[in-house]
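Let me begin by presenting the structure, written as structure tokens, before commenting on it.
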Amino acid sequence: MDDYVVGVLSNIGVLAFLGLSAYLLLLTGEISFGQQAFFAIGAYAAGIATAIWGWPLAAGLLFGAAAGAAAALVVGVPTLRLHGLYFAIATLAFAEMVRLLFELLRYQVMIDGELVGPNGADGFRDIRYVFQNNIEPQQFLLVIYALLVAVLLGFALLERTRLGVSFRMIGVDYVLAQMHGVAVARHKLIAAGLAGALAGLGGGLYAHLTTYVEPRLFDVMLGVHSLAYGLIGGLGTALGPLLGVLIDIGLLESIRAFAGYRMIIFGGLVALLLIVRPRGLLDEILVHRIGGAWRRWWRRRAAKEAA
Amino acid sequence: MTILCRRAVLAAALWCVPVAAQAAETRAKADVNCQALPTRLQYDCTLRLANARTDEPLSGATVRVGADMPSMPMAHNVRPVQATAEPEAGTYRARLTLEMHGDWALRIDVTGPVRDRIVKLMRFEPGRAEPSPRSR
């Protein structure tokens, strides 16, 4: 496979984690402009773990996910009682705070005669686990998609559990959900923690994919995109954010004529979809219809075989 | 069950224990100089690659140069181009066609005698290119 295709597919996979992170919070009815902060925390944490502490990749990625989850819980406790605009602004403020903190973070260690580690605004270079261990880009692509499939399966299972139903109930009407006995604050905290872990995992993968991170990578633009993926792809299924990423990176990237105008087209697409399909392409109604059609087809097939 | 739990905790703990530091390996370093071409957004980049430890020029390598815009990671990518070797040892040349002016992170992927990736932050403006102020 062409290196460029591998690179684009890797980017789609990594961004899907961020999209899924924002999607999880959208399920509970909250718009977060701050998921890029947990992505950044995961990227730095996983990078430090493998490049400085010499941890294996799996442990580094786990550490990145755990750091993202821990940060999300810390932010979640004071902010999840906020709703709507207030929550969105609080998450945005937190994300900017994290980005500025990374501009100040200096933690460099001499390894093999070279200083390795975050160096403030200059960023964190030499996250070279992939190169040190001769992992080919195709192999790393497999790692990304294996983890993504695992996460999507997790979402499929979540939708069938009481927890998943509670998330959607809170998203539709949190007051009604509370009246039905759902512990809204606790469930939102769980959603925030899981979303932080997903973003952290994506960040860890990103750091090892590019070998380089710096604070300005994680500005509000990335957060807006992570939200847009769910809103474009749809909130009916976890495949929605993936579809959103595929449209942005896959489709628009492949049409090179858009090149420098991609962001304008992407912004227009988001605006258009919010008007005509407020809950995205794969919204709950469409997913329900597809599910119903699938079940009918399956029943008919089973009946034919029985006859 | 208790034994199983203990083993799981032990395995998880071992998994997280820092592994021995990587053996010293050959790494590459690059000096990049880009010149604007008459065609808009086209730049001719000269790369001088060397062994980061010995400073010896890195000849015989396969070099691919791509670019990513730090202000929108993963969204603005330039398809990597193969750099051609110049007569001078360790020197390669690549022609980049960017999507817009601004700060770009050049990704220099080296394979052959050394497998490495070097990231250089450059600022591309109409008529000129220079290292990004952040990378100085």
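The values are calculated or read from the model by the stated rules, or taken from the named source; none is laboratory data. The model shown is predicted, which means the values in this text are computed figures rather than measured ones. Every residue, glycine among them, receives a Cβ derived from its backbone with ideal geometry; neighbour counts consider all protein chains shown. For the accessible areas, the whole protein counts, side chains as well, though only heavy atoms, and no ligand, DNA or RNA atoms are used. Shrake-Rupley method; radii C 1.70, N 1.55, O 1.52, S 1.80 Å.
Screening the range B:61-80 for residues that are in a strand (DSSP E or B) and more than 9 Å from chain A (Cβ to nearest Cβ) and picking the one that is most open to solvent (accessible area, probe 1.4 Å) gives B:T62. Picking from residues in the range A:228-239 that are open to solvent by 10 Å² or more (accessible area, probe 1.4 Å) and either assigned to a helix (DSSP H, G or I) or under 17 Å from B:A67 (Cα atoms) (or both), the one that is nearest to the other protein chains (Cβ to nearest Cβ) is A:L231. Listed by position, the helices (runs of 4 or more DSSP H) inside the range A:1-89 whose residues that are open to solvent by 10 Å² or more (accessible area, probe 1.4 Å) and closer than 23 Å to A:E103 by Cα number at least 2 are A:35-47, A:57-79. Evaluated against (1) modelled with pLDDT under 95; (2) touching a Pro at 6+ places or on another chain (Cβ under 9 Å); (3) among the aromatic types (F, W, Y), A:Y44 falls short on exactly one condition, (1). Residues that are open to solvent by 10 Å² or more (accessible area, probe 1.4 Å), under 30 Å from A:G13 (Cα atoms) and among the basic types (K, R): does the range B:95-110 have at least one? Yes, the range B:95-110 contains at least one residue that is open to solvent by 10 Å² or more (accessible area, probe 1.4 Å), under 30 Å from A:G13 (Cα atoms) and among the basic types (K, R). Taking the criterion of being among the basic types (K, R), assigned to a loop (DSSP other than H, G, I, E, B) and more than 10 Å from every other protein chain (Cβ to nearest Cβ), no residue of the range B:88-136 qualifies. For the range A:1-27, the candidate set comprises residues that are under 13 Å from A:A195 (Cβ atoms) and among the hydrophobic types (A, V, I, L, M, F, W, C); within that set, the residue that is nearest to the other protein chains (Cβ to nearest Cβ) is A:L18.
Rundown of residues vs (1) modelled with pLDDT of 95 or more; (2) on the phi > 0 side of the Ramachandran plot; (3) part of a helix (DSSP H, G or I), yes/no style:
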site: A:L147; (1), (2), (3): yes, no, yes
site: A:L153; (1), (2), (3): yes, no, yes
site: A:G164; (1), (2), (3): no, no, yes
site: A:I170; (1), (2), (3): no, no, yes
site: A:V175; (1), (2), (3): no, no, yes
site: A:V182; (1), (2), (3): no, no, no
site: A:A185; (1), (2), (3): no, no, yes
site: A:G203; (1), (2), (3): yes, no, yes
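Selection over the range A:240-254 of residues that are within 9 Å of chain B (Cβ to nearest Cβ) and either surrounded by fewer than 24 Cβ atoms within 10 Å (Cβ to Cβ) or without any contact (Cβ under 8 Å) to a residue 12 or more places away in the chain (or both) gives a count of 2.
Looking across the range A:195-216 at every residue that is open to solvent by less than 10 Å² (accessible area, probe 1.4 Å) and among the β-branched types (V, I, T), the one that is farthest from A:R106 (Cα to Cα) is identified as A:T211. Scanning the range A:122-143 for residues that are part of a helix (DSSP H, G or I), in contact with a helix residue (DSSP H, G or I) (Cβ under 8 Å, 6 or more places away or on another chain), of a type outside the set (V, I, T) and surrounded by 15 or more Cβ atoms within 10 Å (Cβ to Cβ) yields a count of 5. In the set A:A150, A:A146, A:A95, only one residue is open to solvent by 30 Å² or more (accessible area, probe 1.4 Å), more than 10 Å from chain B (Cβ to nearest Cβ) and closer than 30 Å to A:V220 by Cβ; that residue is A:A150. Count of the range B:45-55 residues, restricted to those that are modelled with pLDDT under 90 and away from chain A (no Cβ under 11 Å), is 3.
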